Amino acid sequence: MKKYTEDHEWVLLEGDMATIGISEHAAGQLGDVVFVELPAVGAKFKQKAEMAVVESVKAASDVYAPVSGEIVAVNQAIVDDPAKVNADPEGASWFVKIKLSNKAELEKLMDAVAYKKLIA
Amino acid sequence: MTDSAGLKRTPLHDVHVALGAKMVPFAGYEMPVQFADGVLKEHLWTRENAGLFDVSHMGQAFLNSRLPLGTDEAHKDVAAAIETLVPGEISKLKKGAMRYSVLLNEDGGILDDLMITRPLRDDAQGRLFLVVNAACKEQDFALLRETLSGRAELEICDAHSKFAGARALIALQGPKAAAALETIAPGVATQAFMSMAPNEWKGAYLIVSRCGYTGEDGFEISIREESAADFARALLTHPDVKPIGLGARDSLRLEAGLCLYGHDLDQTTSPVEGNISFVLGKRRREEGGFPGADRILKEAARGPKRLRVGLQPEGRAPAREGAEIQSLDGEKIGVVTSGGFGPTMNAPVAMGYIDAAHAKTGTRVHLIVRDKPLAASVADMPFVPHRYYRG
């Protein structure tokens, strides 16, 4: 099940691995994305640590790790063509895959219904 | 008009909202930062077609000679008055010509940048039309009133103005701006760059200036508030014209190498440091007689300690306002004052102040972004060549 953070990241759990990206709402608010910086594979993050950067023409935004863990894959396609983030933020334009170190952290995140309420 | 948050609204407010604008607070006004297309597309549209910008938040005023209007003497009189505050050659401006200039403090720092226009009409000689920044307009007008008290009268274009009335200001910018405006205000297509001429639309008196702040050909049209929304709607029916928000206005002017007051120019920066020495008129350089002339003329002769330069980051990461500029050996040598992504350049662009010793084009520097050095080099401006109308 997809979960969301207050900082507009999404997390999709598959086994002990999670795919992470920014929400459609966040991508819309940012506007046209022109630059993405992703962490290195193997880097470890604590929950809520700054993990990636996404910049639009207007501004730079940090992307925070929604859960603690180790980066096992990054999506080079969005680094090469940042506009892809706007095209499919909750699908093909994921940011990183992370190996969770504490699955319990997921429980505190919002489900889609609660997130919709937050951004309404 | 004012909304619940105490923000003022321009006469185009309803036009923006109907077009799906995202409204944000800016200089005390509720202004459109972008429309549905977004900053990137709006920017590119303006470079290819024509963009309509609401700049009604800016301050408009006439400075009037105390002499009877309609004579060259009256122009010389009001020009001499404003020349006590600006370093430009205003006295010799031709009828209908305009100048970019700066209001100076006693230390030679810039209080604001502004446009000064000598009217075209014979009966208006002795007036100067001023357009100043929104965030500075109250201080600017107070300064003009106080300093020039007894020498000239300031008539702000607001509800109290009998002559000009409360006026909106609409910019139409881009290579197709002239053709689009020509369809509803005939005569503008052949108007000279940096000139102003009266025009008319459905009985509304237009003050049309061929100028702008995007680096493209274009116009700024001053019109009475009550006619402004209909005029904007009429322009927007043209297929080449789209509404453009403040976001793209900023990226367009950045690529054009133009200063944003409060960021690239402020009360501590002189015109020489700001790399806008062209505002110093030839006679004024010889005679002085403007605030801060000692410092400014010294800097003009010997070179300033720091200089505003263009900065071209390598790679894709933008460096934004506030980023420190370091030499390759890690010494702080300046600061970025404007920066972001240039959609036409399809690359990050920035400008900032750098120690004069490092200001040479091509000098390699580091911009400190998120605590990491980003490789960049000092670059010539404009980043995107100006395409002004040259007849």
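Nothing in this text is a laboratory measurement; each read-out follows from the coordinates by a stated rule. Keep in mind that this is a model prediction, so the values were computed, not measured. Neighbour counts run over all protein chains shown; Cβ positions are idealised from the backbone, glycine included.
Miscellaneous remarks
- Among the residues of the stretch B:162-185, the ones that are surrounded by fewer than 18 Cβ atoms within 10 Å (Cβ to Cβ) and either in contact (Cβ under 8 Å) with a residue 12 or more places away in the chain or among the acidic types (Asp, Glu) (or both) come to 8 in all.
- The set of residues in the stretch B:31-53 that are over 20 Å from B:Ala180 (Cα atoms), surrounded by 22 or more Cβ atoms within 10 Å (Cβ to Cβ) and touching an Asp or Glu at 6+ places or on another chain (Cβ under 6 Å) contains only B:Leu40.
- Qualifying residue in the stretch A:75-83 (condition: part of a strand (DSSP E or B) and under 15 Å from the mean Cα position of the chain (by Cα)): no
- Failed condition for B:Ser56, given (1) crowded, with 22+ Cβ neighbours inside 10 Å; (2) within 14 Å of another protein chain (Cβ to nearest Cβ); (3) touching a strand residue (DSSP E or B) at 6+ places or on another chain (Cβ under 6 Å): (2)
- Subset of the stretch B:37-53 (residues that are outside any helix (DSSP H, G or I) and within 14 Å of chain A (Cβ to nearest Cβ)): B:Asp37, B:Gly38
- Qualifying residue in the stretch B:60-76 (condition: among the aliphatic types (A, V, I, L, M), closer than 26 Å to B:Arg308 by Cα and in contact with a Ser or Thr (Cβ under 6 Å, 6 or more places away or on another chain)): no
- Checking the stretch B:60-74 against the condition returns no match, with no residue being assigned to a strand (DSSP E or B), touching a residue at least 12 places away in the same chain (Cβ under 8 Å) and among the charged types (D, E, K, R).
- In the stretch B:296-315, the qualifying residues are those that are within 15 Å of B:Leu265 (Cβ to Cβ) and of a type in the set (Lys, Arg), and the one that is farthest from the other protein chains (Cβ to nearest Cβ) is B:Arg306.
- When B:Ala192, B:Ala185, B:Ala178 are checked against the criterion of being of a type in the set (Gly, Ala, Ser) and touching a strand residue (DSSP E or B) at 6+ places or on another chain (Cβ under 6 Å), a single residue qualifies: B:Ala185.
- Each residue in the stretch B:264-296 was checked for being part of a helix (DSSP H, G or I) and surrounded by fewer than 21 Cβ atoms within 10 Å (Cβ to Cβ), and 10 of them qualify.
- Qualifying positions in the stretch B:348-372 - away from every other protein chain (no Cβ under 14 Å) and either hydrophobic (A, V, I, L, M, F, W, C) or not in a loop (DSSP other than H, G, I, E, B) (or both): B:Met351, B:Gly352, B:Tyr353, B:Ile354, B:Asp355, B:Ala356, B:Ala357, B:His358, B:Ala359, B:Arg364, B:Val365, B:His366
- Inter-residue pairs, beta-carbon under 6 Å, first closer than 21 Å to B:Gly28 by Cβ and in the stretch B:132-155, second outside any loop (DSSP other than H, G, I, E, B) and among the β-branched types (Val, Ile, Thr), 6+ apart: B:Asp140/B:Val132; B:Phe141/B:Ile156
- Scanning the stretch B:9-37 for residues that are free of Cβ contacts under 8 Å to residues at least 12 places away in the same chain and under 17 Å from B:Ala248 (Cβ atoms) turns up just one, B:Met23.
- Residues that are crowded, with 21+ Cβ neighbours inside 10 Å, within 13 Å of another protein chain (Cβ to nearest Cβ) and among the aliphatic types (A, V, I, L, M), drawn from the stretch A:1-40: A:Ala27, A:Leu30, A:Val33, A:Val34, A:Val36
- Residue match in the stretch A:47-63 (condition: more than 14 Å from chain B (Cβ to nearest Cβ), of a type in the set (Val, Ile, Thr) and part of a strand (DSSP E or B)): no
- The stretch B:316-339, subset away from chain A (no Cβ under 14 Å) and assigned to a strand (DSSP E or B), residue farthest from B:Leu367 (Cα to Cα): B:Thr337
- Test: residue in the stretch B:201-223 that is of a type in the set (A, V, I, L, M, F, W, C), within 22 Å of B:Ala135 (Cβ to Cβ) and either within 14 Å of another protein chain (Cβ to nearest Cβ) or in a loop (DSSP other than H, G, I, E, B) (or both): yes
- Subset of the stretch A:69-85 [of a type in the set (Gly, Ala, Ser), surrounded by fewer than 17 Cβ atoms within 10 Å (Cβ to Cβ) and more than 9 Å from every other protein chain (Cβ to nearest Cβ)]: A:Ala73, A:Ala77
- Subset of the stretch B:1-36 that is touching a His at 6+ places or on another chain (Cβ under 8 Å) and more than 24 Å from A:Gly28 (Cα to Cα) - its residue that is farthest from the other protein chains (Cβ to nearest Cβ): B:Met1
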